[in-house]
Each structure stands twice: as C-alpha cells, then as structure tokens.
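The values are calculated or read from the model by the stated rules, or taken from the named source; none is laboratory data. Predicted model, so just to flag it, every value in this text is computed and none were measured. Counting neighbours? That spans all protein chains shown, and the Cβs are built from the backbone with ideal geometry, glycine included.
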Amino acid sequence: MVKENNIEKIFIPAAGMTSTENDVKENDNVILTMAAREVEGFNGYQGTGFRIIGSAEFLNEGDYFNQVHDKYSFANRALVVTVKEDKQLL
C-alpha cells in the first residue's frame, strides 16, 4: 500500500483476471474484503476482517506496475485500487 497526497492505493499483482479487468473497464467501483488471523480483532478476537471501497484500474506500465512486477515477476499487470473508504469488520 502507498499513500500519496493523503490518498491510499493498494497494489495487487495480476495475472489472468481478464473478466475482472473487463468488468473494471465498464465500472471501476470495487469492494474488497480481506481477513488475517495474525491481526487481533475487536474484543481480543483472533483475526479480523476489513472492507475496502474504492476505484480500480489495471496497469501494464509505469511506476506502480514496476513496483508490483519487481516483487512479483509473474504479474503481467498491476491492479491498483484507490481507497475511498475502509472499515474494520471484526
């Protein structure tokens, strides 16, 4: 994740995901959910989850793509999500 001008961006390595890419071309609004057991949740629960609402784009060149590709050589594109809202769920 990167923060630029107070705007958070999440970088996700992409290989395949062609139907998702086509959907994003039609409507770039996305909702991501993710969870981690290693992060303590509310009231001491083991694990927590998050919901992220934002806009998405697929990139195959440029700085963001290079950052992803340098770490994940299999990625032929980077899915970049600009976060508009985030909320811890558990």
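Things to note:
- Restricting the stretch 75-90 to residues that are of a type in the set (A, V, I, L, M, F, W, C) and closer than 30 Å to Gly44 by Cα, the residue that is surrounded by the fewest Cβ atoms within 10 Å (Cβ to Cβ) is Leu89.
- Pairs, first of a type outside the set (Lys, Arg) in the stretch 1-30, second exposed (fewer than 11 other Cβ atoms within 10 Å of the Cβ) and at pLDDT below 95, C-beta under 9 Å, six or more apart: Glu8/Met1; Ile10/Met1; Phe11/Met1
- Residue among Ile12, Ile52 that is touching an Asp or Glu at 6+ places or on another chain (Cβ under 7 Å), β-branched (Val, Ile, Thr), closer than 19 Å to Ala78 by Cβ and modelled with pLDDT of 95 or more: Ile52
- Restricting attention to the stretch 46-74, the residues that are surrounded by 10 or more Cβ atoms within 10 Å (Cβ to Cβ), of a type in the set (Phe, Trp, Tyr) and over 22 Å from Lys25 (Cβ atoms) total 2.
- Positions within the stretch 1-42 being in a loop (DSSP other than H, G, I, E, B) and within 23 Å of Lys87 (Cα to Cα), in sequence order: Met1, Asn5, Asn6, Asn27, Asp28, Arg37, Glu38, Val39, Glu40, Gly41
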